[in-house]
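Nothing in this text is a laboratory measurement; each read-out follows from the coordinates by a stated rule. What you see is a predicted model; the values in this text were computed from it and never measured. Positions of Cβ are generated from backbone atoms using ideal geometry, with glycine treated the same way; all protein chains shown enter the neighbour counts.
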Amino acid sequence: MAASDDGDHAADQALVARLRAALREARERIRQLEAENEALREELLSAGEMIETLAEDLERQAIAD
């Protein structure tokens, strides 16, 4: 193997290592975003339920008045 081949191989290995690290980081970020998405969905559902309850209470109060 020639010296330039060794250099090319080392550069290829470095590139592969960087790509693998970037892939790991991207996968971790996806996991974080999925968790945030789920939390936001739950908050939105809870807020929707609260709004429905408040609307029902206001309707009952309007009928009673």
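Some points to look at:
- Residue (of Ser4, Leu58, Ala26) at the positive-pole extreme of the chain, dipole from beta-carbon charges: Ser4
- Nearest-ten-degree value, helix 3-64 long axis tilted from longest Cα axis of the chain: 0
- Using distinct alpha-carbon pairs, which all enter the 1/r mean, Kirkwood radius of the chain in Å: 16.8
- Comparing Ala22, Ala14, Ala39 in a Gaussian network model of the chain (Cα springs below 10 Å), the most mobile by mean-square fluctuation is Ala14.
- When +1 charges are put on Lys and Arg Cβ atoms and -1 charges on Asp and Glu Cβ atoms, the dipole computed for the chain relative to its Cα centre reaches about 460 debye.
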